[in-house]
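Structure first, commentary second.
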Amino acid sequence: MYRYDEFDERLVRERVAQFREQVARRIDGSLTEEEFTLLRLMNGLYLQLHAYMLRVAIPYGTLSARQLRQLALIADRYDRGYGHFTTRQNIQFNWPRLSDAPDILELLADVEMHCIQTSGNCIRNVTADHFAGVAADEIEDPRPTAELVRQWSSLHPEFSFLPRKFKIAVTGSAEDRAAIGVHDIGLRIVRNEAGETGYSVLVGGGLGRTPMIGKTIRAFLPRAELLSYLEAILRVYNLEGRRDNKYKARIKILVHELGLEAFTARVEEEFAALAGREIDVDAEEVARIAAYFAPPAYEDLPATSAAFEEAKRDPDFARFARTNLFPHKIPGYTALTISLKPIGAPPGDATSDQMRVMADLAERFSFSELRVTHVQNIVLPHVRLDDLPALWAALVEAGLADANVGLITDIISCPGMDYCKLATARSIPIAQEISKRFADADREALIGKLGIKISGCINACGHHHVGHIGILGLDKAGVENYQITLGGDPGDRTALGERLGPGIDGDQVPEAIERIVEIYLNLRDGDGEDFIDTFRRVGLDPFKVALQPKEAALAAA
Amino acid sequence: MAKRPPLPLILTANALLDGDVVYFTRTGWSRDRAAAFVATDEAGGEALEASLEEAIQDGEVVEPYLIEAGQDHYRERIRLGGPTIRYGAEALNVPL
Amino acid sequence: MPLLDRNGWKAEGFDVVAYADLDAALAAKGPEQKLGVLVPNTIHPRMLAQFQDRLDLISVEFPKHSDGRGFSLGRMLRQQGYDGTLRASGHILPDQFGFALHDGFDEVEIDEAQAARQPVEQWLHARALISESYQQSADGPATIFEKRRAARVARAAR
């Protein structure tokens with residue numbers, strides 16, 4: 001993991017002191033609320049419906065046991081004993097006091113964490129593949145790149161007051177687990193014909209009111225030119241991005257309105273003007289950062305484990321092993337996902353006790369390292385197969401052994417109107433009801449891979465557009481109303497879901513999902529075809545009856 | 001300024017230091033909805049509008065706005081009552 | 001309107017004309033005249049390239065503290081070689097003062113009401129709170145990346 005040097009440390013400490021003074025100047029009246037709002041958002045502090053909310057950055061989702069323990073302490077001391085892991089690999093506390101925020105930042109700085117740019121119209125926390133350093137199909141660990149981008153973008157004097165927020169994601173793998181196609185900039189580490197590594201650069205993707213998939217602006221950018229190229233893109237966006245309409249202010253609209261060709265020409269012009277400015281760092285600095293992400297001290301192990309195979313005779317363990325493990329590139333190891341989606345609970349929440357348990361287990365079984373996924377789960381990235389039985393037993397004891405990763409109850413949900421001021425409807429209760437509806441583990445296994453994503457407003461924090469089943473909550477004349485989309489996909493074949501039909505009431509949603517699933521099970525090819533593949537094959541039409549009254553749907557079937 | 005909602009009116013906001021939902025009582029701000037001053041006539045409505053303007057200017061509370069006292073929109077219900085879900089340790093023992 | 005730089009309040013020292021009047025003002029410019037122009041933040045800095053050598057001041061409008069176009073304008077004007085005085089004029093906060101200086105601005109102009117709320121001490125103090133920067137600055141300090149490189153070189157020399 002990256003560790004701060006004296007400069008990183010000083011900057012974060014100074015930022016804490018600066019925020020403390022900003023809070024004091026708001027309280028003494030030097031700053032108006034409008035002025036202060038801009039400043040507090042840049043440090044991740046929102047005002048929600050009932051309280052402030054503090055969003056803590058977990059850069060590229062990598063977390064140490066020590067850091068997670070500190071988050072648990074903050075949850076206990078300054079919040080209500082829990083935190084919420086977000087779709088951008090961050091954690092949010094829902095109940096802090098404004099006057100406590102500086103002290104919380106101090107505790108975060110003690111473990112090399114911060115809230116810098118977790119909100120505001122600036123370059124947000126950089127995200128990356130949660131299986132970085134684990135996946136066998138990886139050309140290169142994306143985290144050194146993400147860390148470099150984090151540093152370059154922190155308190156950037158030119159790009160801290162952009163037209164709108166700006167999100168960058170990095171992947172180093174053939175399979176895209178970082179959803180780079182729906183980010184303002186998506187970076188994929190690639191190799192050219194000469195065998196050099198560089199970046200394929202996507203620009204102008206994003207969800208929200210006008211979802212768009214990113215377009216390739218450079219098929220191969222030499223790695224040494226990364227920062228100056230990013231600077232050129234950001235400069236064109238800062239100058240020309242729309243500021244007259246919040247919903248048209250993201251870079252995707254600028255790219256769309258100018259057209260990719262004209263946008264690219266402007267970027268290349270600014271890029272040429274930046275040549276020789278020494279924005280880019282030298283190879284030694286790249287190597288210095290990369291060294292922090294060197295592989296841990298793996299043991300030489302056989303590819304299979306007798307203890308693991310033996311334990312699989314327990315059907316519950318076997319089920320867990322089928323759903324919650326991801327192949328590790330090192331023989332004898334695996335990456336284990338801890339589901340934060342127990343049946344009927346708010347997706348992505350963890351109590352302080354659970355955080356401490358996960359921190360302990362990371363220390364015992366995973367070189368003290370954890371990852372936060374954009375699916376709102378936690379990963380122990382480097383677990384010995386031999387240790388799985390003991391680790392699983394500990395998870396069972398802590399109530400953290402739900403075997404549903406990638407399945408229909410592994411639901412992504414934004415906080416929705418139970419917390420969020422921007423929400424137009426609630427999300428969490430919808431997720432809870434669907435989860436309870438599909439609680440039968442055998443049936444869930446039969447249904448197979450199916451991602452439901454729920455947003456409580458058009459801003460799409462729940463990524464509903466790219467859910468295999470997407471649910472969007474709206475306010476229809478004073479009643480919560482939910483629109484269902486099908487066929488979205490966040491991965492390599494990035495696709496936006498198609499509207500199934502008119503919106504429905506919240507209490508009808510579980511039944512509608514049930515019918516969609518039934519239609520899928522009837523249509524799928526053999527036992528193995530995933531929902532998304534069936535959808536791609538048959539299209540939207542066969543699913544439309546799912547929204548009709550039950551009798552009509554039966555008659556049509 | 002946004003159009004004034006219909007009478008009867010109350011003025012609400014969030015407290016600066018802890019973000020709690022507060023209601024204007026004419027002598028200050030209260031966390032108790034029942035203590036809110038309710039403007040039932042035009043004169044009261046204008047007085048509340050003036051109080052809203054003053055609240056925006058002096059910044060004692062955050063994001064003040066007027067709501068129709070009698071309305072029952074789910075947003076205001078949730079705002080008044082808190083999250084409709086259980087959270088934290090309580091959320092982990094959900095009856096199925 | 002109140003004017004300040006990294007040393008405190010200061011007096012106006014330029015004849016500042018609107019961008020629309022720039023051609024006429026340049027044509028009529030006297031030999032001793034200190035001429036400045038107030039430009040909207042919607043122009044591309046290249047549009048000033050042909051005039052910049054004859055301008056003593058370029059004042060960039062900051063219509064709202066949330067509108068950051070001026071920061072790019074400042075940095076780009078310096079990068080294209082403008083070496084006169086650069087001013088940020090409008091709604092900009094003490095907390096943005098350091099950014100403005102890093103981007104090549106020399107001074108800030110705000111309205112009376114803001115100056116009353118945010119006296120010059122707050123500006124000078126706010127600026128000093130952050131001493132490190134990953135990005136290059138027009139006003140001097142080495143970047144964190146440069147400091148690391150210097151430390152590497154020093155270590156290698158030992």
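In table form, for the structure just shown:
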quantity: Karplus-derived 3J(HN,Hα), 6.51/-1.76/1.60, for each residue of the range A:211-227, Hz, glycine and proline x; calculated: x, 9, 9, x, 10, 6, 9, 9, 6, 8, 9, x, 4, 5, 9, 4, 5
quantity: Mean separation of Cα contacts under 8 Å, 6 or more apart, over the residue count of chain B: relative contact order %; calculated: 32
quantity: Where trypsin sites (Lys or Arg not before Pro) fall in DSSP loop in the range A:299-365, at most 14 other Cβ within 10 Å; calculated: A:ARG313
quantity: Low-density loop cleavage sites - trypsin sites (Lys or Arg not before Pro) in the range A:463-535, where at most 15 other Cβ are within 10 Å (DSSP); calculated: A:ARG493
quantity: Within-12-Å neighbourhood charge of A:ALA136 [Cβ basis; K, R +1; D, E -1]; calculated: -2
quantity: Viscosity 0.692 mPa s, 37 °C: Kirkwood-radius Stokes-Einstein D of the range A:306-397 over Cα pairs, µm²/s; calculated: 244
quantity: Computed [θ] at 222 nm, helices only, for chain C once each DSSP H run of length n ≥ 4 contributes -39500 (n - 2.57); calculated: -10000 deg cm²/dmol
quantity: For the range A:49-205, the fraction of alpha-carbon pairs in successive 5 Å shells from zero, as %; calculated: 2, 9, 17, 20, 18, 14, 11, 6, 2, 1, 1, 0
quantity: Inter-chain shielding of B:75-84 (mean C-beta neighbours from other protein chains, 10 Å cut-off); calculated: 5
quantity: Cα shape, the range A:412-556, gyration tensor, a/c 1.5 rule; calculated: prolate
quantity: Cα-based shape type of the range A:1-106, given that a ≥ b ≥ c are square roots of the gyration tensor eigenvalues and the cut on a/c is 1.5; calculated: oblate
quantity: Simple Cβ-charge dipole of the protein assembly as shown, Lys/Arg +1 and Asp/Glu -1, about Cα centre, in debye nearest 20; calculated: 660
quantity: Whole-number D in µm² s⁻¹ for chain A, Kirkwood Cα-pair radius fed into Stokes-Einstein, 4 °C, 1.567 mPa s; calculated: 53
quantity: A:TYR82 long-range amide H proximity, modeled H, under 5 Å; calculated: A:SER352
quantity: Per-residue mean of C-beta atoms belonging to partner chains within 10 Å, peptide A:27-35; calculated: 6
quantity: Charge tally in the Cβ shell below 10 Å around A:ALA335, where Lys, Arg are +1 and Asp, Glu are -1, A:ALA335 excluded; calculated: +2
quantity: When each of A:LYS246/C:LYS64; A:LYS329/A:LYS453; A:LYS167/C:LYS147; C:LYS10/C:LYS34 is checked by Cα-Cα distance, pairs over 23 Å; calculated: A:LYS329/A:LYS453; A:LYS167/C:LYS147
quantity: Chain B - charge dipole about Cα centre, Lys and Arg +1 at Cβ, Asp and Glu -1, debye rounded to 20; calculated: 460
quantity: Sum of -39500 (n - 2.57) over DSSP H runs of 4+, divided by residues of chain A (222 nm, nearest 500); calculated: -11000 deg cm²/dmol
quantity: Among C:GLN118, C:GLN50, C:GLN96, residue whose mean-square fluctuation peaks in a GNM of chain C (springs only between Cα atoms under 10 Å); calculated: C:GLN50
quantity: Karplus 3J(HN,Hα) series, Hz, for the range C:40-45 with 6.51 cos²θ - 1.76 cosθ + 1.60 (x for Gly, Pro); calculated: x, 7, 9, 8, 8, x
quantity: Extent along principal axes [Cα atoms of the range A:103-143; Å; largest to smallest]; calculated: 42, 26, 11
quantity: Inter-site label distance for A:ALA273 and C:TRP9 at 7 Å from Cα along Cβ, in nm; calculated: 3.7
quantity: Translational diffusion of the range A:478-549, µm² s⁻¹ [Kirkwood Rh, Cα pairs; Stokes-Einstein; 20 °C; 1.002 mPa s]; calculated: 166
quantity: Among B:TYR74, B:TYR23, B:TYR65: highest mean-square fluctuation, GNM of chain B, C-alpha pairs under 10 Å; calculated: B:TYR74
quantity: Sequence-distant residues sharing a close amide H with C:VAL17 (under 5 Å, placed H); calculated: C:GLY36, C:VAL37, C:LEU38
quantity: Over the range A:134-290: Kirkwood hydrodynamic radius from C-alpha pairwise inverse distances, Å; calculated: 15.9
quantity: Taking N as its residue count, the alpha carbon Rg of the range C:3-130 over 2.2 N^0.38 Å; calculated: 1.03
quantity: Ranked packing of C:138-150, A:342-354, most packed first, by mean Cβ within 10 Å; calculated: A:342-354, C:138-150
quantity: Kirkwood Rh, angstrom, the range B:9-92 [1 / mean 1/r, Cα pairs]; calculated: 13.6
quantity: Summed residue charge, Cβ within 15 Å of A:ALA72's Cβ, Lys/Arg positive, Asp/Glu negative; calculated: -2
quantity: Rounded if a/c under 1.5, otherwise prolate or oblate - the range A:144-230, Cα gyration tensor axes; calculated: oblate
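Each value in this text was obtained by applying a stated rule to the coordinates, not by laboratory testing. Keep in mind that what you see is a predicted model, and the values were worked out from it rather than measured. When we count neighbours, we look across all protein chains shown, and the Cβ atoms used for this are built from the backbone with ideal geometry, even at glycine.
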